[in-house]
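Read-outs: derived from the displayed coordinates by stated rules, not from any lab. None of the values given here were measured: they were computed from a predicted structure. Here the Cβ positions follow ideal geometry from the backbone for every residue, glycine too, while neighbour counts run over all protein chains shown.
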Amino acid sequence: MHQQLLLEKISSVLTATDSTYDEKLTQMLDKASRIFVTGAGRSGLVARFFSMRLMHAGYNVYIVGEIVTPSIQNGDLFIVITGSGETETMIAFTKRAKQIGAKIVTISTKSKSTTADMSDLVIQIGNPDQYGKVVGMPMGTTFELSTLIFLEATVSHIIHKKGIAEESMRAIHANLE
């Protein structure tokens, strides 16, 4: 019963998400010198999932906050995953990336927010009225799972568009596990 509830909710959110976002995001990824991805809490975990897949697809990607992450520069792409678009640390990171001249993508539940207003592209996952209280999906679950699936589908789009074989991805997968 709960599996079906989650699947139906995520499906409805993704159905309400603009179907051109994957291509728009792919174009920005391809134009970037380097890619920096961030999010707080569970959105940060989604950012890590996405970053790993981008690395597998051959992109030069960093997770904000890791000690080996270099400074962001003009020509880089900054992707912030924030359901509300109002998380203070995400706002501060976005302001700094914007000041430096990086392109900004906000992935959120809202098309208008502090981070969205600084962005070159806003990817609104679903629409705001889909994020009311959902029994069995507390505290952002709907956004996080929908965003994770959207981003995995975007990676699938990239892989198919570029003809990247799974063997190529596997060759650069971590081997110190």
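Name the single residue, out of those in the range 86-109 being assigned to a loop (DSSP other than H, G, I, E, B) and over 14 Å from the mean Cα position of the chain (by Cα), that is surrounded by the fewest Cβ atoms within 10 Å (Cβ to Cβ). The selected residue is GLY101.
In the range 115-130, of all residues being under 20 Å from GLU144 (Cβ atoms) and without any contact (Cβ under 8 Å) to a residue 60 or more places away in the chain, the one that is surrounded by the fewest Cβ atoms within 10 Å (Cβ to Cβ) corresponds to ASP129.
Within the range 22-48, being of a type in the set (S, T, N, Q), in contact (Cβ under 8 Å) with a residue 24 or more places away in the chain and surrounded by fewer than 21 Cβ atoms within 10 Å (Cβ to Cβ) holds for THR26, SER33.
Is one or more of the residues making up the range 58-72 of a type in the set (Phe, Trp, Tyr), within 14 Å of the chain's Cα centre (by Cα) and under 15 Å from SER146 (Cα atoms)? No, the range 58-72 has no match at all. The set of residues from the range 1-21 being surrounded by 14 or more Cβ atoms within 10 Å (Cβ to Cβ), of a type in the set (A, V, I, L, M) and either assigned to a helix (DSSP H, G or I) or touching a helix residue (DSSP H, G or I) at 6+ places or on another chain (Cβ under 6 Å) (or both) comprises LEU6, ILE10, VAL13, LEU14.
Examine the range 130-139 for a residue that is among the β-branched types (Val, Ile, Thr) and closer than 19 Å to THR20 by Cβ, and state whether such a residue exists. No, the conditions are met nowhere in the range 130-139. Going residue by residue through the range 56-67, is there one that turns out to be part of a helix (DSSP H, G or I) and over 18 Å from LEU25 (Cα atoms)? No, the range 56-67 contains no residue that is part of a helix (DSSP H, G or I) and over 18 Å from LEU25 (Cα atoms). In the range 71-85 there is no residue matching the filter, namely being among the polar types (S, T, N, Q), out of contact with any strand residue (DSSP E or B) (no Cβ under 8 Å at 6 or more places or on another chain) and not in a loop (DSSP other than H, G, I, E, B).
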